[in-house]
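See below for the structure under consideration.
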Amino acid sequence: MNKPLILVVEDDPPVRNLITTTLKTNDYRYLMAANGETAILEASSHNPDIVLLDLGLPDMDGVEVIRNIRSWSNLPIIVISARSEDNDKIEALDAGADDYLTKPFSVEELLARLRATQRRLSFMTAEMLAASSVFVNGKLRVDYAGGCAYLDGRELHLTPIEYKLLCLLSKNVGKVLTHTFITQNIWGRSWENDVASLRVFMATLRKKLELEPNFPQYIQTHIGVGYRMMRIE
Ligand code: CA
């Protein structure tokens with residue numbers, strides 16, 4: 001199997017060197033771009049497996065790079081942002097980024113995110129091949145066609161909103177979904193109140209889904225950002 005090709009978009013040389021050294025020593029191939037224009041060009045001409053994208057670029061906003069790439073490709077994008085750019089991070093996820101890393105990040109964290117994204121990719125491919133309308137993750141099984149969900153073989157008694165939430169999260173397994181993305185999909189709008197309701201529905205869903213709701217296995221909270229369904233090995 002070919003080594004995965006990663007496009008590293010970062011204008012800060014020390015950070016770029018840290019990333020590329022990590023990639024090199026961990027059996028990845030990489031391409032580099034120091035600005036948005038080069039990033040778009042490299043992404044379209046080399047078809048990388050994953051893009052690592054810094055949001056603060058000298059020539060354009062990283063979110064613009066995501067919108068451009070999303071207009072022609074679904075290739076996974078992991079955003080890299082400074083803590084002060086929290087709103088940009090959420091905007092980036094809403095624009096179609098798959099995951100994010102906050103600076104400063106550790107080499108282990110970078111590698112973990114890359115592995116998670118690769119798993120998500122291989123899972124999506126397998127799912128498309130099976131053309132299945134049933135989602136299985138650990139002990140959870142969602143039968144999209146039948147409109148019901150099971151945990152360890154027992155049917156979960158979910159309200160319509162809880163079921164919609166579960167479907168949305170499972171169809172995007174491994175991907176961080178923002179509050180805005182979720183409320184838009186569930187209620188068709190995103191008001192302050194909807195985010196509060198979302199929290200309530202998520203708590204009731206977790207009570208039914210998680211063995212220990214205080215230590216959730218399936219649904220991870222990203223404080224101030226949103227939620228993600230984890231893929232259970
Ligand atoms: Ca930068």
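The values are calculated or read from the model by the stated rules, or taken from the named source; none is laboratory data. Since this is a predicted model, take the numbers as computed values, not measurements. Ideal geometry is used to build each Cβ from the backbone, glycine not excepted, and the neighbour counts take in all protein chains shown. Keep in mind that these areas ignore ligands, DNA and RNA; they rest on the heavy atoms of the full protein, side chains included. Shrake-Rupley method; radii C 1.70, N 1.55, O 1.52, S 1.80 Å.
What the table below lists for this structure:
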read-out: Residue that is nearest to I69 (Cα to Cα) [pool: residues in the stretch 1-29 that are away from the ligand (no atom under 16 Å from the Cβ) and under 21 Å from the mean Cα position of the chain (by Cα)]; value: I6
read-out: Which numbered condition I50 fails, given (1) over 23 Å from D94 (Cβ atoms); (2) under 22 Å from the mean Cα position of the chain (by Cα); value: (1)
read-out: Number of the exception - T38 against (1) modelled with pLDDT under 95; (2) within 14 Å of V65 (Cβ to Cβ); (3) out of contact with any helix residue (DSSP H, G or I) (no Cβ under 9 Å at 6 or more places or on another chain); value: (1)
read-out: Long-range neighbours under 9 Å by Cβ, at least six apart or interchain, first residue at positive phi within the stretch 70-97, second crowded, with 18+ Cβ neighbours inside 10 Å; value: G96/I66; G96/I69; G96/I77
read-out: The lone exception for D49 - which of (1) within 14 Å of the ligand (Cβ to nearest atom); (2) surrounded by 18 or more Cβ atoms within 10 Å (Cβ to Cβ); (3) not aliphatic (A, V, I, L, M) it fails; value: (1)
read-out: Top-ranked residue in the stretch 26-43 [being out of contact with any Leu (no Cβ under 6 Å at 6 or more places or on another chain) and open to solvent by 70 Å² or more (accessible area, probe 1.4 Å); ranked as nearest to P14 (Cα to Cα)]; value: M32
read-out: Flag for P58 being more than 16 Å from the ligand (Cβ to nearest atom) and touching a residue at least 40 places away in the same chain (Cβ under 8 Å); value: no
read-out: Among (1) part of a helix (DSSP H, G or I); (2) surrounded by fewer than 16 Cβ atoms within 10 Å (Cβ to Cβ); (3) away from the ligand (no atom under 16 Å from the Cβ), the one test that L114 misses; value: (2)
read-out: Condition broken by E155, with the remaining ones in (1) at pLDDT below 95; (2) more than 13 Å from I219 (Cβ to Cβ); (3) over 16 Å from the mean Cα position of the chain (by Cα) satisfied; value: (1)
read-out: In the stretch 61-107, the residues that are of a type in the set (V, I, T) and within 16 Å of the ligand (Cβ to nearest atom); value: V63, V65, I66, I77, I78, V79, I80, T102
read-out: Odd one out for H157 among (1) in contact (Cβ under 8 Å) with a residue 40 or more places away in the chain; (2) loosely packed, with under 15 Cβ neighbours inside 10 Å; (3) closer than 30 Å to L114 by Cβ; value: (3)
read-out: Test: N17 is surrounded by fewer than 19 Cβ atoms within 10 Å (Cβ to Cβ) and either of a type in the set (V, I, T) or modelled with pLDDT of 95 or more (or both); value: yes
